[in-house]
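Step one of this worksheet: look at the structure below.
The values are calculated or read from the model by the stated rules, or taken from the named source; none is laboratory data. If you're wondering where the values come from, they're calculated on a predicted model, not measured in any experiment. Reconstructed Cβ throughout: ideal geometry from the backbone, glycine too, with neighbour counts over all protein chains shown.
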Amino acid sequence: MATRRIIIDPSHPATMTPEQRRAELAAILAGGVIRHFEQRHLAAIPMSQNAADSGESRLEVPPDPRPYGPRG
């Protein structure tokens, strides 16, 4: 007869103390509040500033794109 192992997940609410459950709930709620305010902040920034702050940059075309100067 094979022995069955029961794996207990330490983060399962049934095995957590009330204090651990409150701490996990607080962390989940805090993460949601932070995401909410970050999204509101990003929505309030004009698109041009938003793109600059996010690290995105546009490729600018130089005034004379030819490598050897003007023709002719």
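Here are some notes:
- Residue count for region 38-55, restricted to those that are in a helix (DSSP H, G or I) and at pLDDT 75 or above: 7
- Annotation note: of 4, 35, 21, 58, the sole residue that is surrounded by fewer than 10 Cβ atoms within 10 Å (Cβ to Cβ) and either at pLDDT 65 or above or more than 28 Å from the chain's Cα centre (by Cα) (or both) is 4.
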